[in-house]
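So the structure is just underneath, and the comments pick up after that.
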Amino acid sequence: MTNSPQETAASAGDPSAASSSTVSKSAVPHVVKVRAPELIGRRWMNSGGKELSLADLRGKVILLDFWTFCCINCLHVLDELRPLEEKYAQELVIVGVHSPKFEFERTVEAVDQAVERYQVEHLVLDDPDLVTWQAYTARAWPTLAVIDPEGYLVATLSGEGHGAGLGEIIEGLIEEHSAKGTLHSGDGPYVPPPAPETELFYPGKVTALPSGNLLVADSGHHSLVEYDSSGQTIIRRIGTGERGADDGDLTSASFSEPGGITVLPDDVAAKAGYHLVVADTVNHTLRGINLETETVTTIAGTGAQHMVGAIDNVVGTYGELGRYDGPALDVKLSSPWDVLFVPSTAEVVVAMAGNHTIWSFDPEAGSIRLLSGTMNEGLADGDSENAWFAQTSGLDLSSDGDVFIADSETSAIRRLDPNTGSVSTLIGEGLFDFGFRDGPAAEARLQHPLGVRRLPDGSIAIADTYNGAIRRYDFTTNEVSTLARGLREPSDIFVLEAASAASAASAAESTDGTEAAEAELLIVESASHALTRVKLPKDAQRVDEGALTSNRPSTEIASGPVSVTVSFTVPAGQKLDDRWGDPTYLQVSSTPPELIVSGDGGAEGLKRDIVINPELASGVLHVTARAAACDGEPGGEIPLHAACHLYQQDWGIPVDLVASAPAELTLDLRGA
């Protein structure tokens with residue numbers, strides 16, 4: 001295989017990448033020291049306006065985080081990095097290299113808003129053309145790279161779950177370069193931007209309370225805000241406004257970027273002991289709110305993040321999570337984004353964005369179950385055990401009791417049977433297909449929708465977030481049209497009742513003397529920090545700005561037999577957790593499915609031989625890898641209460657089939 005200079009540099013900095021062994025049980029000494037490529041992008045952020053280079057950061061341990069703000073795994077890594085930022089504030093400089101997937105994510109305004117929204121407290125390099133991404137041969141979001149104080153690349157890691165391993169790498173570099181005199185302790189170049197003062201701060205979802213008032217998830221302020229029925233006057237705020245996970249009364253309880261809210265029927269609420277269920281997204285929990293006692297309690301989730309394939313996702317048990325169905329407080333959840341009470345099952349459907357699934361929570365029994373999805377990321381219809389989702393983000397009920405789903409990363413709208421978990425797709429093509437196109441549903445394109453709402457006529461309105469639009473899907477014509485444009489990241493939609501609409505219009509009169517109480521939508525316009533009213537037009541627009549695919553460099557591979565290998569170096573002080581068999585796993589699939597003739601599917605191990613269809617010219621390979629390791633020395637026993645760690649990553653790799661290209665594909669889960 002012939003590598004580019006950048007690929008050679010990355011491989012040289014990662015001896016395990018060239019090793020014939022897929023899994024190295026101990027770190028391999030670096031033989032060749034390779035300079036890290038320069039950091040090149042459109043601009044630097046959080047630097048006080050200063051342009052920076054690697055030379056400006058010399059003397060610090062540098063951690064590059066290649067991320068994009070649409071990616072839930074990248075948001076998980078932001079949270080994993082916060083303790084490292086705090087602990088090593090004098091020695092470590094983190095640089096978030098923003099590398100966009102969607103076209104919207106290339107815009108200056110969108111990146112500014114993302115850094116502000118997710119409270120990124122480190123340097124950010126805006127890399128819209130993926131220049132630095134390519135220099136470091138990144139192939140997936142998130143990818144991490146560690147550079148030592150002398151400017152040499154020492155480690156590359158893909159995916160999430162690397163917090164403990166990164167800590168060990170950083171500790172080792174601090175010790176080594178303190179002894180050499182090449183480490184410079186002290187404040188880094190990060191300059192915090194001024195905090196905006198707004199009533200709402202990147203709100204997420206909205207629902208109506210039994211009183212008729214509206215409750216808004218003020219995600220950026222880590223709280224909930226109750227408005228009057230028109231959405232104009234604040235009644236009260238629920239939560240301290242500071243990031244936290246405390247239960248208690250409405251003023252002392254705390255949340256972390258809460259999302260969806262659903263109201264329980266009176267009889268269910270009486271048995272459950274609370275009236276509202278809230279998706280407390282970054283706390284990985286569901287919270288219950290009792291409006292009579294004015295208290296908040298945790299009702300599902302342990303507070304820790306579920307990691308696909310981890311052995312400790314269920315309290316007090318070992319073994320794979322599988323199709324969990326049990327006590328809701330005994331299982332780890334992963335970024336629940338929206339919730340919806342479904343009358344036919346008397347359960348709350350949960351859009352579990354963090355592991356690409358749909359769950360169902362029983363408030364009366366206090367139990368939760370995995371309803372639909374495999375935890376693989378993608379778009380695949382079918383029954384509950386074969387359906388694939390990608391960051392499920394918005395829910396609403398159809399007139400016949402099914403559940404509409406805004407499946408954001410596939411830019412799709414899906415339809416779920418809450419009784420069986422089977423799913424079908426109404427709009428959308430796949431992980432890397434998006435755009436702004438109206439017309440027949442099969443040809444229509446959205447861009448990262450976060451919300452969906454049934455309209456009075458039975459059609460559905462879609463918060464087409466990255467297109468800044470409200471779209472409409474009509475079941476009778478099977479057509480998609482545009483209701484409104486020019487919005488700033490709409491994330492949810494609420495249909496105002498006629499009385500509220502009339503009140504909001506202040507009883508204004510139209511030119512013909514009739515009352516202007518037309519039907520209105522209340523839009524959660526997240527990036528405007530506001531609730532915005534949009535009147536339903538009599539005639540929707542027809543827009544066609546094209547269908548797009550994610551613009552990433554393709555990898556050339558041969559058709560016919562191809563070997564897929566994922567390298568993984570076990571961190572120092574850890575050993576593979578082989579107590580229950582092979583602790584590694586590899587899942588391989590493709591878009592289109594016929595790209596792989598044989599060898600697809602999931603199995604233990606990190607190497608797979610597949611056969612690529614010679615009749616195709618290109619496609620996307622989807623590779624999911626994970627490995628489990630626990631604290632303990634290689635060759636020794638794992639202590640009974642050892643901390644265990646799961647390393648995982650999903651790759652979506654565009655490939656071009658070229659006869660002279662290599663018949664192998666090597667990816668790094670962890671190289672250090």
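Observations on the model:
- Reported count of residues in region 423-454, each being farther than 16 Å from residue 482 by Cα, assigned to a strand (DSSP E or B) and within 20 Å of the chain's Cα centre (by Cα), is 1.
- Members of region 242-277 that are of a type in the set (A, V, I, L, M, F, W, C), assigned to a strand (DSSP E or B) and more than 19 Å from residue 368 (Cα to Cα): 255
- Qualifying residue in region 404-420 (condition: part of a loop (DSSP other than H, G, I, E, B), buried (at least 20 other Cβ atoms within 10 Å of the Cβ) and either of a type in the set (D, E, K, R) or modelled with pLDDT of 95 or more (or both)): yes
- Among the residues of region 130-151, those identified as part of a loop (DSSP other than H, G, I, E, B) and more than 15 Å from residue 96 (Cβ to Cβ) are 137, 139, 140, 148, 149, 150, 151.
- Single match in 433, 383, 438 (criterion: under 29 Å from residue 285 (Cβ atoms) and acidic (Asp, Glu)): 383
- Put simply, of 340, 370 the only residue that is over 23 Å from residue 270 (Cβ atoms) and part of a strand (DSSP E or B) is 370.
- Hits in region 539-588 (condition: buried (at least 21 other Cβ atoms within 10 Å of the Cβ), assigned to a loop (DSSP other than H, G, I, E, B) and more than 28 Å from the chain's Cα centre (by Cα)): none
- Among the residues of region 609-619, the one identified as buried (at least 20 other Cβ atoms within 10 Å of the Cβ) and under 27 Å from the mean Cα position of the chain (by Cα) is 619.
- In region 589-599, residue surrounded by the fewest Cβ atoms within 10 Å (Cβ to Cβ) [restricted to those that are more than 25 Å from the chain's Cα centre (by Cα) and not hydroxyl-bearing (Ser, Thr, Tyr)]: 594
- Extreme residue, surrounded by the fewest Cβ atoms within 10 Å (Cβ to Cβ), among residues of region 104-151 that are closer than 20 Å to residue 43 by Cβ and polar (S, T, N, Q): 107
- Test for residue 79: is it at pLDDT below 95, within 25 Å of residue 466 (Cα to Cα), acidic (Asp, Glu) and in a loop (DSSP other than H, G, I, E, B): no
- Residue check for residue 488: at pLDDT 95 or above, farther than 24 Å from residue 219 by Cβ and out of contact with any Lys or Arg (no Cβ under 6 Å at 6 or more places or on another chain): no
- Of the residues screened, residue 616 is one that is in contact with a helix residue (DSSP H, G or I) (Cβ under 9 Å, 6 or more places away or on another chain) and not in a strand (DSSP E or B).
- Output for region 117-158, where each listed residue is under 20 Å from the mean Cα position of the chain (by Cα), within 19 Å of residue 53 (Cβ to Cβ) and among the aromatic types (Phe, Trp, Tyr): 133
- When residue 217 is tested against (1) surrounded by 19 or more Cβ atoms within 10 Å (Cβ to Cβ); (2) of a type in the set (A, V, I, L, M); (3) more than 29 Å from the chain's Cα centre (by Cα), exactly one condition is not met: (3).
- Restricting region 18-73 to residues that are more than 30 Å from the chain's Cα centre (by Cα) and among the β-branched types (Val, Ile, Thr), the residue that is modelled with the lowest pLDDT is 28.
- Residue match in region 152-159 (condition: assigned to a loop (DSSP other than H, G, I, E, B) and crowded, with 24+ Cβ neighbours inside 10 Å): yes
- Any hit, region 620-641, residues being touching a strand residue (DSSP E or B) at 6+ places or on another chain (Cβ under 9 Å), modelled with pLDDT of 80 or more, assigned to a loop (DSSP other than H, G, I, E, B) and surrounded by fewer than 21 Cβ atoms within 10 Å (Cβ to Cβ): no
- Given (1) modelled with pLDDT under 95; (2) among the hydroxyl-bearing types (Ser, Thr, Tyr); (3) closer than 26 Å to residue 630 by Cβ, number of the condition residue 88 does not satisfy: (1)
- Top-ranked residue of region 390-403 - restricted to ones that are within 26 Å of residue 546 (Cβ to Cβ) and touching a Leu at 6+ places or on another chain (Cβ under 7 Å), ranked as surrounded by the fewest Cβ atoms within 10 Å (Cβ to Cβ): 390
- Close pairs from region 58-83: first under 12 Å from residue 140 (Cβ atoms), partner among the small types (Gly, Ala, Ser) and part of a loop (DSSP other than H, G, I, E, B), Cβ under 8 Å, at least 6 apart: 66/99; 66/138; 67/99; 68/99; 73/159
The values are calculated or read from the model by the stated rules, or taken from the named source; none is laboratory data. Since the model is a prediction, treat every value here as computed from it, not as a measurement. Quick reminder, even Gly has a Cβ in these numbers, built from the backbone with ideal geometry, and neighbours come from all protein chains shown.
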